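Heads up: the structure comes next, in structure tokens.
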Amino acid sequence: MTVLVTGGAGYIGSHMVHALLDAGERVVVLDDLSTGFDWALPQGASFVVGDAGDQTRVARLIAEHRIEAIVHFAASVVVPDSVRDPLGYYRNNTVNSRALIEAAVKGGVRHFIFSSTAAVYGNPERVPVCEGDATVPTSPYGSSKLMTETMLRDATVAHGLRHVILRYFNVAGADPLGRAGQSTKGATHLIKVAVEAALGLRPKVEVFGTDYPTPDGTCVRDYIHVCDLVRAHSDALAYLRTGGDPVTLNCGYGRGFSVLEVIDTVKRASGADFKVELVGRRLGDPAWVVAASDRARAVLKWQPHFDDLESIVCHALAWERKLLTHAS
Ligand code: UDP
């Protein structure tokens, strides 16, 4: 029995592949390398370059490797890009996921774990936001993921594909052993941007908006360490294997940090006093997004190990330094 990881050469996917191999699982990675890197993959995984929506290829992989479970990461993930190119996002995230789910059903795959996002909530009606709260995405990215959630639930009712949907909050950090990290060029996510500024790779960090209804006026987010997020996937796999019912779960810690708090933490952890510029709001940013995480803790027995912004930032810094050493 083998686990198929789509998008396994990407940031979160590569951490998942390490965790699965560490646990003694057999792993096949399907990744089109549009944003991932083949060097990010550990030795023990079989690797196929290709599209998660290529049903012929996926059907062959399922049959050849007797795929028992699919962990589906492959997606486009930049919110502003999705506003510029909605149809590209619906193709890559929704249409390809539909094809993958159909191939999974036809191939008799038992378990499916899907990477969804807090973006499905849009501007949450309350914080912490619960899984049952209204889903009103404010970007094509969020909509593309919400549509896939719907398809998965319907496919489960009709065809018995058992699934767990995980809604990620703000993922950051890197493998504490230094084996994987966020390597995307031109990153837009706050911790990556601030860490790059701390190492002199950017001249400054811009703070998008200081007039939000939050304690210091900047947006608040629930930053989750990538290894704790991956742990939730491993727990989800164990849950499904022991007969767990389909479920949708938030993946965050249930507490938030403001943009200024994040920047302070990066400055403290790095010892670098980089330039910070206060600018206007970025379009579409909700003020406050924090997960209610009790359901994941209760259902999956999920126990995070790195619920600490300092550790998240230190691991991100260590990875960035490693990238720098390899580049030079
Ligand atoms: N942010 C910022 N400067 C940056 C990048 C992000 O002020 O260079 C803010 C952004 O406006 C948001 C928060 O940091 O309020 C988290 O943004 P990010 O892009 O990391 O994740 P998102 O919550 O949008 O998925």
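The values are calculated or read from the model by the stated rules, or taken from the named source; none is laboratory data. Predicted model, so just to flag it, every value in this text is computed and none were measured. Every residue, glycine among them, receives a Cβ derived from its backbone with ideal geometry; neighbour counts consider all protein chains shown. These area figures cover heavy atoms from the full protein model, side chains too; ligands, DNA and RNA do not enter into them. Shrake-Rupley method; radii C 1.70, N 1.55, O 1.52, S 1.80 Å.
For region 67-101, the candidate set comprises residues that are farther than 19 Å from GLY8 by Cβ and open to solvent by less than 30 Å² (accessible area, probe 1.4 Å); within that set, the residue that is modelled with the lowest pLDDT is SER82. In this structure, does THR156 turn out to be more than 30 Å from LEU323 (Cα to Cα), touching a His at 6+ places or on another chain (Cβ under 9 Å) and not in a strand (DSSP E or B)? Yes: the conditions hold for THR156. Count of region 17-66 residues, restricted to those that are part of a helix (DSSP H, G or I), without any contact (Cβ under 8 Å) to a residue 60 or more places away in the chain and open to solvent by 40 Å² or more (accessible area, probe 1.4 Å), is 11. Picking from residues in region 199-224 that are open to solvent by less than 20 Å² (accessible area, probe 1.4 Å) and under 24 Å from the mean Cα position of the chain (by Cα), the one that is farthest from the ligand (Cβ to nearest atom) is ILE224. Apart from one condition, LYS145 fits all of (1) open to solvent by less than 50 Å² (accessible area, probe 1.4 Å); (2) of a type outside the set (Phe, Trp, Tyr); (3) more than 25 Å from ASP85 (Cα to Cα); the exception is (3). Of everything in region 161-196 that is open to solvent by 50 Å² or more (accessible area, probe 1.4 Å), in a loop (DSSP other than H, G, I, E, B) and more than 16 Å from the ligand (Cβ to nearest atom), the residue that is nearest to LYS301 (Cα to Cα) is PRO176.
Search region 260-289 for residues being more than 18 Å from PRO203 (Cβ to Cβ), hydrophobic (A, V, I, L, M, F, W, C) and open to solvent by less than 60 Å² (accessible area, probe 1.4 Å), and hand back the single one that is farthest from the ligand (Cβ to nearest atom). That would be ALA269. Any residue that is part of a helix (DSSP H, G or I), touching a residue at least 40 places away in the same chain (Cβ under 8 Å), closer than 20 Å to TYR11 by Cβ and under 20 Å from the mean Cα position of the chain (by Cα) - is there at least one of those in region 109-119? Yes, some residue in region 109-119 is part of a helix (DSSP H, G or I), touching a residue at least 40 places away in the same chain (Cβ under 8 Å), closer than 20 Å to TYR11 by Cβ and under 20 Å from the mean Cα position of the chain (by Cα).
Just one of the listed residues (ALA99, ALA118, ALA74, ALA172) is farther than 25 Å from LYS185 by Cα and of a type in the set (Gly, Ala, Ser), and it is ALA99.
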